[in-house]
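Reading through the structure tokens given below for one structure.
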Amino acid sequence: LAGAGGQVGTEFQALASDHGFDLRTFDRKSLDITDTMAVEAAVTAFRPDWIVNAAAYTAVDQAENDAGAAYAVNRDGAACLARAARGVGARMVQLSTDYVFDGNLGRPYPTDYPPAPLGVYGQSKYAGELEVVRHLGDAALILRTSWVYAHHGRNFLLTMLRLMAERDELRVVEDQVGSPTSATSLARVIAAAIRQGASGTHHWTDAGVASWYDFAFAIREEGMRIGLLGRNCHVVPIPTQDYPTPAPRPPCSLFDKASLRSLVGFPGRHWREELRATIEKVAESRFHPGET
């Protein structure tokens, strides 16, 4: 497992033993995935059946002015892992993103729809997909997802809880839609896909559809219900044009998930159910919304 210190990597570790996985984990400090010799040494020493690449450069806006770093991790790092996997006959899960699409299709994206990333982050992630498939062919599993959050790390959920504890009003974009996805549910699907020997390109998110405004509104509701928020911050819907960002965002990040649902044998839970479960973990971890 590369990217063990991230949201998905942390959740994948938590369930690995339940699936009988003998797991070796590496975070960014213990393994630089852009270092070919270091990656080959780590993989050759363990000779895994599967490599899960949960490592990524995810600073979407920063990538616009730091393309070299984004491509180094998202393309070149993925290629290093894929070459090492090929060398020991391993298969590989490469996590990717809704940002490989421009978001203008107007319906859920099929897995075979031609990518058209708008910014550097999406371009670098798509380049990583291509590298993994080039080196591994049918031994590659490309798994695209969107709007990932957890009870730890840096993400929309924890940012909203913090800001809602500090402010009387919060303005959130309402004309970008997708499906919030908990890192826990994504880790479960990765494990199930591995056990099924899945390959090819697939999409996964939690069920249902939301705008960022809907997501924030639900976070406020659940935060107040469980006592993480002591007051009612007013959430105001705004258009994208009122919240400009260096990197363009896909206006519609919905996925056709039929192929992976069929493989893993379950449909996944609605994003509101996963949000409630994750916020309960936030409370259990004694997170205080005023913390940074």
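Taking the solvent-accessible surface of protein heavy atoms with a 1.4 Å probe, what is the per residue accessible area of the chain in Å²? Per-residue accessible area for the chain comes out at 45 Å².
Here the chain is treated with +1 on each Lys and Arg Cβ and -1 on each Asp and Glu Cβ, and its dipole about the Cα centre works out to around 520 debye. Largest GNM mean-square fluctuation across Ala207, Ala45, Ala192, computed for the chain with C-alpha springs under 10 Å, falls on Ala45. Here His151 sits with roughly 50 square angstrom of accessible surface, probe radius 1.4 Å.
For Thr58, the accessible area of its heavy atoms, probed at 1.4 Å with every protein chain present, is near 90 square angstrom. Between Gln196, Gln13, Gln241, the GNM of the chain built on Cα springs shorter than 10 angstrom shows Gln241 fluctuating the most.
In the chain, the DSSP-assigned H stretches of four residues or longer account for a calculated mean residue ellipticity at 222 nm of -12000 deg cm²/dmol, using -39500 (n - 2.57) per stretch and the full residue count as denominator. For the range 159-176, the Karplus equation 6.51 cos²θ - 1.76 cosθ + 1.60, evaluated at θ = phi - 60°, returns couplings of 5, 5, 4, 5, 5, 5, 7, 9, 10, 8, 9, 9, 9, 9, 5, 10, 10, 10 Hz by residue, with Gly and Pro reported as x.
Which percent, to the nearest 5, of DSSP beta bridges fully inside the chain are antiparallel?
On the way: 2 of 28 bridges.
About 5 percent, rounded to the nearest 5.
Here the Debye sum runs over all C-alpha atoms of the chain as equal scatterers in vacuum, and log10 of I(q)/I(0) at q = 0.12, 0.14, 0.15 Å⁻¹ comes out as -0.76, -1.04, -1.19.
Run through the DSSP bridge list for the range 137-292 and note the antiparallel percent, rounded to the nearest 5. Close to 15 percent. Roughly how many whole Å is it from the C-alpha centroid of the range 72-86 to that of the range 137-206? The range 72-86 and the range 137-206 have Cα centres spaced 22 Å from each other.
Note: the range 87-191, Cα convex hull, 139 Å³ per residue.
With the full set of protein chains in place, find how many percent of the accessible area of the range 27-153 is carbon and sulfur; take the probe as 1.4 Å.
Details: 2630 of 5450 Å².
Reported share for carbon and sulfur atoms: 48 percent.
The values are calculated or read from the model by the stated rules, or taken from the named source; none is laboratory data. Since this is a predicted model, take the numbers as computed values, not measurements. Here the Cβ is made from the backbone with ideal geometry for all residues, glycine too, and neighbour counts use every protein chain on show. Just so you know, the surface numbers come from the protein's heavy atoms only, side chains and all, with ligands and any DNA or RNA stripped out. Shrake-Rupley method; radii C 1.70, N 1.55, O 1.52, S 1.80 Å.
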